[in-house]
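Input: a single structure, listed below in structure tokens.
Values in this text are rule-based calculations from the coordinates and carry no lab data. As the structure is a prediction and not an experimental result, all values here were calculated from the model. Cβ sites come from the backbone with ideal geometry, for glycine too, and all protein chains shown count toward neighbours.
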């Protein structure tokens, strides 16, 4: 029986220590790193499958390249947990996605080993090219390596960057982490040999010599010779597309075999000309049985039992908003065969996986391509269909020009289901839906709604389905609803009309979205303190319910708007209305807009984030009393 191996991960807290090890020890480091990541994520939850798939690649990259001097950029950041453990953050890895803990994504302020912050897809090659050009302008010699997954390669931005990189000929290394599409599976020893061969100095020297000789031939023959070499290499290794974009293609390489990875990465590191793409094939969830068997379910996980893989599912008190949307849309689609649904690579995140099961021919996943998704929906609308484009608030930002130019300008009836509105907890600022109200409500022709609870969301899906006169959007948060009675069927709401839930005559709380529950709690407390309070659900930020708002302003001392969004949204629109109508001229009503603060909030539990943002019931009460006190003092001063 062989003695147990001495742990190596403890001896390699940062890449410089890792690079002191002999290559034969790297497999043990990878095994320990995988076990450490599984154990850590079982405690914190987070993105599991993608990180497990790049353990060996992470070890190899930090071993071969001189990070952080060599810039290593992880696209999206889902796969960066092993990178965090290897770069001095192992002692904090169990604070991942927790309050005041490590971010779930790469972050410049967190470590010198994170040269670029990420969380949205397909930015790495563009950022890497910028770094490479910056290096060249400064006369530097360091390497720049961008690691991008095959899913992220569905975004047009990645090809825009590659096209630019190929034209510039800047020295840039792109690692294509192929863990799903299997563009070209590795074929064992022959694949590894060919990848090592075409990346070697000898091959590249012979290739360059042949090119110089061929240049002495007439241009026609030179072009033919060049194409022959490229396509001959492409026949054996693949990568013709990348060659056409100006990259030197190497691969495919088995991303879990360090004996294959290390020599190829060393060869690529030592190349001195042009952009290179290394095609690495990996498996999501590699090394952990439950994750290997169910990659989708283990992409993002709750806390789980390491032995069984069983995830801890929090007890649901009410249905999740995302599921309510999906089921409501399915019910509408049963009655209307013109309804179609579109997602940008987020079928389960938006609930459209349920719609796809019910209506496979009317469901479209366009990949990580929000710009295309929006214009694709516009095209469907021109043909008389009723497209529902379901996109996270923070991702819809990427399709804003298309939304303005292709949808709103043409007044096309595209329906935008905006998931993850407001704060999103552990995913933090990169996924917080803070800005959609402000960037949508400023557009002509646009209708903008926000659901106060899950029942209201059912009605808003019906409203959007019935609205054929132009674009319409409705927003709803992450997580579960509030537990209200659900309607059997959605009923279209009158466009631009809110509702009053309780009547008072001193303070009016006008909520847009799911702060309504906190507004009702605040009203109870204010009433207990002798302050007569009205609570209204605006439902619409555009068009506003002008009659309701002007009446409330005329009959109350204080009017407070509430929203889970940035300044410049619902509250700003209300202030503009009241100002233009002269409702503020006499100074009777004091108006305050309660919005998210003008900063990017750190990740935490959602309820704590809203408390920090001063959008909880206690903060609403304080705001109302402070403003009411100011109003009363002002009246007394006037009388005196």
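Legend: ranking of residues 557, 336 from fewest to most surrounding C-beta atoms inside 10 Å; resulting order 336, 557.
Only Cα pairs under 8 Å and 6+ residues apart enter the sum, and on that basis the relative contact order of the chain stands at 11 percent. Fully extending the segment from residue 608 to residue 21, taken as 0.36 nm per residue of separation minus the present Cα-Cα distance, adds 206.9 nm. Extension gain, residue 383 to residue 39, is 118.7 nm, computed as 0.36 nm per intervening residue step minus the present C-alpha separation.
Here 362, 515 are placed in order of increasing Cβ neighbour count within 10 Å, fewest first, which gives 362, 515. Packing order of peptides 322-334, 501-513, highest average first: 501-513, 322-334 (average count of other Cβ atoms within 10 Å over each peptide's residues). How many angstrom separate the Cα center of region 130-172 from the Cα center of region 538-616? Rounded to whole Å, the Cα centres lie 44 Å apart. Here region 314-332 is scanned for amide nitrogen atoms under 20 Å from the site 7 Å beyond the Cα of residue 489 along Cα-to-Cβ, giving 324-332. In this rough spin-label picture, where each label sits 7 Å from Cα along the Cβ direction, the residue 499-residue 66 distance is 6.7 nm. The label point for residue 141 and the one for residue 618, both projected 7 Å from the Cα toward the Cβ, are 5.9 nm apart. Hey, what angle do you get for helix 258-270 against the long axis of the chain, alpha-carbon based, 0 to 90 degrees rounded to 10? For 258-270 against the chain, the angle is about 90 degrees.
Between 0 and 90 degrees, the angle of helix 55-64 with respect to the longest Cα principal axis of the chain falls at about 60 degrees.
Modelled spin labels at residue 361 and residue 28, positioned 7 Å past Cα toward Cβ, are 6.1 nm from each other. What translational diffusion coefficient, to the nearest whole µm²/s, does region 361-410 have by Stokes-Einstein, given a Kirkwood radius computed over alpha-carbon pairs, a temperature of 25 °C and 0.890 mPa s viscosity? Here the translational diffusion coefficient equals 222 µm²/s. Apply the Debye scattering formula to region 383-482, with a single equal point scatterer on each alpha-carbon and no solvent, then give log10 I(q)/I(0) at q = 0.17, 0.19 Å⁻¹. Per q value, in the given order, log10 I(q)/I(0) is -0.72, -0.90. Ranked by the mean number of other Cβ atoms within 10 Å per residue, highest first, peptides 79-89, 399-409 order as 79-89, 399-409. Helix 321-335 and the longest principal axis of the C-alpha atoms of the chain enclose an angle of approximately 80°. One way to sum up the overall shape of region 91-151 is the equivalent ellipsoid from its Cα gyration tensor, whose semi-axes run 26, 15, 9 Å, largest first. Working from the Cα coordinates of region 283-332, the gyration tensor eigenvalues give, after taking √(5λ), semi-axes of 28, 15, 7 Å in decreasing order.
Which FRET efficiency value, to the nearest 0.05, is calculated for residue 525 and residue 469 with the Förster distance at 56 angstrom and r the Cβ-Cβ distance? That pair, residue 525 with residue 469, gives E of 0.85. For residue 168 and residue 442, the FRET efficiency from 1/(1 + (r/R0)^6), where r spans their Cβ atoms and R0 equals 35 Å, is about 0.40. Its DSSP H runs of at least 4 residues, each contributing -39,500 (n - 2.57), put the calculated 222 nm mean residue ellipticity of the chain at -12000 deg cm²/dmol, to the nearest 500. Annotation: Cα Rg of region 321-475 relative to the compact-globule expectation 2.2 N^0.38 Å equals 0.92.
Extent along the principal axes, Cα only, for region 499-639: 48, 34, 27 Å, with the longest axis given first. Calculated FRET efficiency, residue 401 to residue 337, Cβ-Cβ distance, R0 = 30 Å: about 0.45 to the nearest 0.05.
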